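The values are calculated or read from the model by the stated rules, or taken from the named source; none is laboratory data. Quick caveat: nothing in here was measured; it's all calculated off a predicted structure. Cβ sites come from the backbone with ideal geometry, for glycine too, and all protein chains shown count toward neighbours.
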Amino acid sequence: MKRKYCPSDAIDRLIREAYDLWRKSSDRRAITVAATRIGWPGYAVKVRARHLGLARAKEPVWSEGEFRILARWGWLRDERIALKLRAAGFARTATAVHLKRKRMRICQGGDWYSAYSLAEAMGVDSHKVSRWIKAGLLKAERRGSARTELQGGDTWLILRAEAKRFVLRCPDEYDLGKVEKFWYLDLITNGRICR
């Protein structure tokens, strides 16, 4: 396969000189001038500079440990996930977390329910779901949102596995006739009914 921009010793030398000048004078135009002299677009010069070890990738590669934390706490706000990562010894900004979640489609459809969405699926009032949580029948965590008490406080987060455990363990707490039947079958059969 033929490469579109083939480097040579002379091109590498020009790129090195441009990056040295940029580091000494903080003048980013040195890289643009070098790209013009070489006849390459700016992105190609930057890619070659990364290969030469002169520049680093914008975002360091995410480790397996970071992915585990992101998957475990994906329902939290970006700032809270960044704190969880920092506590585990990783350095990611809230913006980096937001972009990675967006790219990985974490928290879109998720494996969890809010008290309101679970109440809708079960055909009950959301206050009833809150009572189940407070009574210890349904395990839930606070979502970690920035909602104030005037806005109703932080919302509950109920994992799918906990919802299934509740549905199977406490059938007398809800009316099966009011439950959304396809959601219920999907929950009980681990998604096999809707495939």
Next item on the list: Filter the stretch 93-113 down to the residues that are assigned to a loop (DSSP other than H, G, I, E, B) and loosely packed, with under 12 Cβ neighbours inside 10 Å, then identify the one that is modelled with the highest pLDDT.
Entry: 105
Margin query: On the basis of being out of contact with any strand residue (DSSP E or B) (no Cβ under 8 Å at 6 or more places or on another chain), aromatic (Phe, Trp, Tyr) and at pLDDT below 90, does residue 90 make the cut?
Written below: no
Notebook entry, point to check: Looking at (1) touching a Phe, Trp or Tyr at 6+ places or on another chain (Cβ under 9 Å); (2) without any contact (Cβ under 8 Å) to a residue 40 or more places away in the chain; (3) outside the structural domain of residue 169 (by TED's automatic domain parsing), which is the one condition that is false for residue 37?
Noted result: (1)
Margin query: Only one of 157, 76, 137 is of a type in the set (A, V, I, L, M) and either over 30 Å from residue 60 (Cβ atoms) or at pLDDT 85 or above (or both). Can you tell me which?
Written below: 137
Notebook entry, point to check: Where residues in the stretch 117-140 are under 24 Å from the mean Cα position of the chain (by Cα) and more than 22 Å from residue 78 (Cβ to Cβ), which of them is surrounded by the most Cβ atoms within 10 Å (Cβ to Cβ)?
Noted result: 118
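One line per residue, one yes/no per condition, for (1) assigned to a helix (DSSP H, G or I); (2) within 26 Å of residue 164 (Cβ to Cβ); (3) not aliphatic (A, V, I, L, M):
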{"position": "17", "(1), (2), (3)": "yes, no, yes"}
{"position": "33", "(1), (2), (3)": "yes, no, no"}
{"position": "37", "(1), (2), (3)": "yes, no, yes"}
{"position": "40", "(1), (2), (3)": "no, no, yes"}
{"position": "46", "(1), (2), (3)": "yes, no, yes"}
{"position": "55", "(1), (2), (3)": "no, no, no"}
{"position": "59", "(1), (2), (3)": "no, no, yes"}
{"position": "66", "(1), (2), (3)": "yes, no, yes"}
{"position": "74", "(1), (2), (3)": "no, yes, yes"}
Notebook entry, point to check: What are the pairs, 6+ residues apart or on separate chains, where a residue within the stretch 82-93 that is of a type outside the set (Phe, Trp, Tyr) has its Cβ under 7 Å from a residue that is in a loop (DSSP other than H, G, I, E, B)?
Noted result: 82/92; 82/93; 84/73; 85/92
